[in-house]
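Here is the structure we will look at, set down as structure tokens.
The values are calculated or read from the model by the stated rules, or taken from the named source; none is laboratory data. Model, not experiment: these values are computed from the prediction. Heads up, the Cβs are rebuilt from the backbone with ideal geometry, glycines too, and the neighbour counts pull from every protein chain shown.
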Amino acid sequence: MGDTCTRACSFCNVRTGQPAALDADEPNRVADAVARLGLRHVVVTSVDRDDLADGGAAHFAAVIAAIRAAAPAATIEVLTPDFLRKPGAVEVVVAARPDVFNHNLETVPRLYPSIRPGARYYQSLRLLDSVKRLDPGMFTKSGLMVGLGEQRAEILQVMDDLRVADVDFLTVGQYLQPSVKHAAVAEFVSPEAFAEVASLARARGFLLVSATPLTRSSYHADADFAALKAAREARRAQAAA
């Protein structure tokens, strides 16, 4: 949906401004690239498009449909905006049936005004909850950055909030400052602290957790998707035993 975002998050190095019109041929070009490259798992993401009536939801759905037609064996993960004040948008994306619906909370609620000023924590949480209510079988995923000044208790509360929304997969990685104009790194979190976060997250019931300094939301996404499916099957088998 272009290279220009309508938000100005202080952690993100994407350009902010008034975006151009949507490229109607983009879904076909993305699908053609997926087919030509023989991709097994595809992550589809975008800038925020607050200028669009549906936030770009129909465009996401069109990309999913085009990939399904061109590469039916590929699995699809979407990493969407929050669709703030875009009623009906999440329903459009869920109806297109991606295999994984990802939306990152990014940070703890207290830091939203400085780190994610155009977003609302509870909107992002409601979005993830809505996906599960619309399609309980769809995998949901969210991610956090640490090192922005958050407290341990705040991270635990976010984990609890995500589990109430029945989110399956949590990623946690170290924030790195893209430029001197962006939010400063408050702390470089130790590998030991990441291991503790991972352990606490697993204890809360996430199907899958990735928490390391270099964890990023879409790294190793195909392997993670396979692990996610295996974890669900193992949990179902355990429940049936």
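Looking only at region 159-186, count how many residues are of a type in the set (D, E, K, R), under 27 Å from Arg235 (Cβ atoms) and part of a loop (DSSP other than H, G, I, E, B).
Residues flagged as of a type in the set (D, E, K, R), under 27 Å from Arg235 (Cβ atoms) and part of a loop (DSSP other than H, G, I, E, B) within region 159-186 amount to 2.
Failed condition for Pro72, given (1) over 23 Å from Pro117 (Cα atoms); (2) in contact with a Leu (Cβ under 9 Å, 6 or more places away or on another chain), with all others met?
For Pro72, the exception is condition (2).
Check Asp23, Asp48 and return the single one that is surrounded by 22 or more Cβ atoms within 10 Å (Cβ to Cβ) and charged (D, E, K, R).
Selected residue: Asp48, the only one of Asp23, Asp48 that is surrounded by 22 or more Cβ atoms within 10 Å (Cβ to Cβ) and charged (D, E, K, R).
Considering only region 110-121, state which residues are among the small types (Gly, Ala, Ser) and not in a loop (DSSP other than H, G, I, E, B).
Passing the criteria: only Ser114.
Can you name the residue in region 64-120 that is over 17 Å from the mean Cα position of the chain (by Cα) and in contact (Cβ under 8 Å) with a residue 60 or more places away in the chain and is also surrounded by the most Cβ atoms within 10 Å (Cβ to Cβ) among such residues?
Ser114
Could you identify the single residue in Ala203, Ala165 that is touching a Leu at 6+ places or on another chain (Cβ under 6 Å) and at pLDDT 95 or above?
The match here is Ala165.
Take region 187-236 and flag every residue that is in a helix (DSSP H, G or I) and acidic (Asp, Glu).
Passing the criteria: Glu192, Glu196, Asp222, Asp224, Glu233.
With Arg216, Arg204 as the choices, which residue is touching a residue at least 24 places away in the same chain (Cβ under 8 Å) and closer than 16 Å to Val158 by Cα?
Arg204
Pull out all pairs, ordered by first then second residue, where Cβ-Cβ is under 8 Å, the residues are six or more apart or on different chains, the first lies in region 40-52 and is touching a residue at least 60 places away in the same chain (Cβ under 8 Å) and more than 11 Å from Ala74 (Cβ to Cβ), and the second is of a type in the set (A, V, I, L, M) and assigned to a loop (DSSP other than H, G, I, E, B).
Asp50/Leu84
Only one of these conditions is not met by Leu148: (1) in contact (Cβ under 8 Å) with a residue 12 or more places away in the chain; (2) in a helix (DSSP H, G or I). Which number is it?
Evaluating Leu148 over (1) in contact (Cβ under 8 Å) with a residue 12 or more places away in the chain; (2) in a helix (DSSP H, G or I) leaves (2) as the failure.
Regarding region 122-143, can at least one residue be identified that is part of a loop (DSSP other than H, G, I, E, B) and under 22 Å from Val14 (Cβ atoms)?
no
Answer with yes or no whether Thr140 is polar (S, T, N, Q) and buried (at least 18 other Cβ atoms within 10 Å of the Cβ).
Taking the combined requirement at face value, the residue satisfies it.
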